[in-house]
Amino acid sequence: MTGLPMRVPMDGLPARVRIHEVGARDGLQNEQVAVPVEVKAEFIHRLAQAGLTTIEATSFVHPKWVPQLADAEELFPRLAELEGVRLPVLVPNERGLDRALALGAKEIAVFGSATESFAKANLNRTVDEALTMFEPVVTKAKEAGASVRGYLSMCFGDPWEGPVPIEQVVRVSRRLIELGCDELSLGDTIGVATPGHVTALLTALNAADIPTDRLAVHFHDTYGQALANTLAALQHGVTTVDASAGGLGGCPYAKSATGNLATEDLVWMLHGLGIATGVDLGHLTTTSAWMADRLGRPSPSRTVRALS
Ligand code: HMG
Ligand code: MG
């Protein structure tokens, strides 16, 4: 076992991919055990040392809705010395934005839904009410000089509503872009997408004047499709991919959401394809194995298991 994949490039893929690491947020929001704030801070520092340059840190949501991230005010200041690392945080509303800006957050993310059922479950709003809630958030964030990512959940399927029509996803995507989101992350919250569906959605978004360079993909691995879907997105020209160290994650408000695409599995594929990420796979794997010990269960990432 070499610990590194053999490098064999394929035509038509980007030379570099930016990994948007979500383990500390999407991963830890779903843990049953409370993770101490100093462990979270160490996790994020270790991820940065492993070469990740965009690390989603936490969420400024209602603490009763996501108690796992109720320590955002304690955590964020502990990351102050991480120079050169982008530390986006989730905010659902103006209250969340004010909390984030007060601590000096420079990147925020709002999170909408393509379906009514999930908008209600996750935000206690209809799809359009959520967009109305985001409007002043995006405006005020931009006035404060922060960049804004728009997440869109349930882009492929929804646990209550089943398959989600592409036109429905395109409509909400357009609204998020019109609100001023710099980037749109397409969430397969419950992991049901397959590669042809990914290509079809990306093509439809391009046809609605949303260029590929504004798009990121956010795959969950429920049905083992996350890497195949990622390859389809890369072939379409996407260069920002969300992933979670060790495959931590899910969403407390979507029953069938399991772990995100594991960052290690992604890095193994990207490095095998000769695509640069800046990530040291050995260092990252050690970090995820360390975090799995803190959580008291093995990492679901195949790569972490293979290399540990
Ligand atoms: P609500 O109950 O409708 O809240 O929840 P409200 O607006 O009626 O306000 C009620 C009280 O909460 C008020 O206090 C507010 O001040 C307070 P009161 O006046 O009664 O004393 N409040 C807050 N306090 C602190 N921070 C805040 C905040 N907002 C209101 N930000 C709300 C609406 C949006 C707040 C709630 O539904 C919520 O917090 N939801 C967050 C759910 C969440 O974080 N889900 C996980 C992230 S999404 C995800 O994981 C998917 C993703 O990974 C992509 C994918 O995979 O698809 C991104
Ligand atoms: Mg997610």
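Quick one: what do you get for the range 18-307 if you divide its Cα Rg by 2.2 N^0.38 Å?
Against the empirical 2.2 N^0.38 Å value, I get 0.91 for the range 18-307.
HN-Hα J couplings of the range 99-105 from phi, Karplus 6.51/-1.76/1.60, θ = phi - 60°, integer Hz, Gly and Pro as x?
So the J values, rounded to whole Hz, are 4, 5, 5, 4, 9, x, 4.
Determine the share of the chain's accessible area contributed by carbon and sulfur atoms, expressed in whole percent, with a 1.4 angstrom probe.
The computed percentage sits at 53.
In Å³ and rounded to a whole number, note down the convex hull volume per residue for the Cα atoms of the range 125-215.
About 92 Å³ per residue, rounded to a whole number.
What is the Cα convex hull volume of the range 11-53 when expressed per residue in Å³?
Measuring per residue, one finds 87 Å³ for the Cα hull of the range 11-53.
Over the Cα atoms of the range 216-307, compute the convex hull volume and normalise it per residue, giving Å³.
Given the Cα convex hull of the range 216-307, per-residue volume reads 98 Å³.
Using 0.36 nm per residue of separation minus the Cα-Cα distance, give me the extension gain between THR199 and ARG214 in nm, one decimal.
So the chain would gain 3.9 nm between THR199 and ARG214.
Which cross-chain or sequence-distant (5 or more) residues have an amide H under 5 Å from the amide H of HIS20, H modelled 1.01 Å from N in plane?
Result for HIS20 returns VAL241, ASP242, ALA243.
Report the local net charge at HIS20: Lys and Arg +1, Asp and Glu -1, summed over other residues whose C-beta lies under 11 Å from its C-beta.
My count for the surroundings of HIS20 gives -2.
Please list, in chain and number order, the residues 5+ apart from HIS220 or on another chain whose amide H is under 5 Å from its amide H, with Hs placed from the backbone.
ASP188, GLY191, LEU261
Extending each Cα 7 Å along its Cβ direction at HIS283 and ARG95, get the distance between those two points in nm, one decimal.
Taking the simple label geometry, HIS283 and ARG95 are separated by 3.9 nm.
Using the crude model of +1 on Lys and Arg Cβ and -1 on Asp and Glu Cβ, and no other charge, please compute the dipole size for the chain relative to its Cα centre, in debye to 20.
260
Rounded to the nearest 500, what is the chain's calculated 222 nm mean residue ellipticity when only DSSP H runs of at least 4 contribute -39500 (n - 2.57) each, over all residues?
Using -39500 (n - 2.57) per qualifying helix, the result is -12000 deg cm²/dmol.
Over the range 56-156, what lengths in whole Å, largest first, do the semi-axes of the equivalent ellipsoid take, defined as the square roots of 5 times the eigenvalues of the alpha-carbon gyration tensor?
The equivalent ellipsoid of the range 56-156 has semi-axes of 23, 15, 12 Å.
So how exposed is ARG7, as accessible area in Å² (1.4 Å probe, rounded to 10)?
Its heavy atoms expose roughly 150 Å² to the probe.
What order do ASP128, ASP293 take when sorted by accessible area (1.4 Å probe), most exposed first?
Putting ASP128, ASP293 in descending order of accessible area: ASP293, ASP128.
Hey, what do the phi angles of the range 79-88 turn into as Karplus ³J(HN,Hα) couplings, whole Hz, using 6.51/-1.76/1.60 and θ = phi - 60°, x for Gly and Pro?
9, 4, 7, 7, 6, x, 10, 7, 10, x
Can you find, among PRO298, ALA34, VAL138, the residue farthest towards the positive end of the dipole of the chain? Put +1 on the C-beta of Lys and Arg, -1 on that of Asp and Glu.
Positive-most Cα among the choices belongs to PRO298.
How compact and how long is the range 35-78, expressed as Rg and Dmax of its alpha-carbon atoms in Å?
10.9, 33
Which number gives the lysine pairs in the chain that have C-alpha atoms under 25 Å apart and are eight or more places apart or on different chains?
So the count works out to 11.
Once the other residues with Cβ under 13 Å from the Cβ of ASP293 are scored (Lys, Arg +1; Asp, Glu -1), what is the net sum?
Value of the local net charge: +2.
For LYS142 and LEU4, what is the calculated FRET efficiency with R₀ set at 45 Å and r taken between the beta-carbons, to the nearest 0.05?
In this case the efficiency is close to 0.60.
Test of understanding: extend the Cα→C-beta vector of VAL33 to 7 Å, then name every residue of the range 264-308 with backbone N under 16 Å from that spot.
288-300
Please state, rounded to one decimal and in Å, the Kirkwood hydrodynamic radius that the range 1-92 gives when every pair of distinct Cα atoms enters the mean of 1/r.
14.8
In whole Hz and in residue order, list the ³J(HN,Hα) couplings for the range 183-195 that follow from phi through the Karplus curve 6.51 cos²θ - 1.76 cosθ + 1.60, θ = phi - 60°; x for Gly and Pro.
9, 10, 9, 8, x, 9, 4, 10, x, 9, 5, 10, x
Would you pull out the residues with amide H under 5 Å of ALA70's amide H, same chain only if 5 or more places away, H placed 1.01 Å from N?
So ALA70 has HN proximity to no qualifying residue.
The values are calculated or read from the model by the stated rules, or taken from the named source; none is laboratory data. On a predicted model such as this, the values are computed, not experimentally measured, just so you know. As a convention, Cβ positions derive from the backbone with ideal geometry for all residues, glycine included, and neighbour counts pool all protein chains shown. Just the protein is used for accessible areas: all its heavy atoms, side chains included, with ligands, DNA and RNA removed. Shrake-Rupley method; radii C 1.70, N 1.55, O 1.52, S 1.80 Å.
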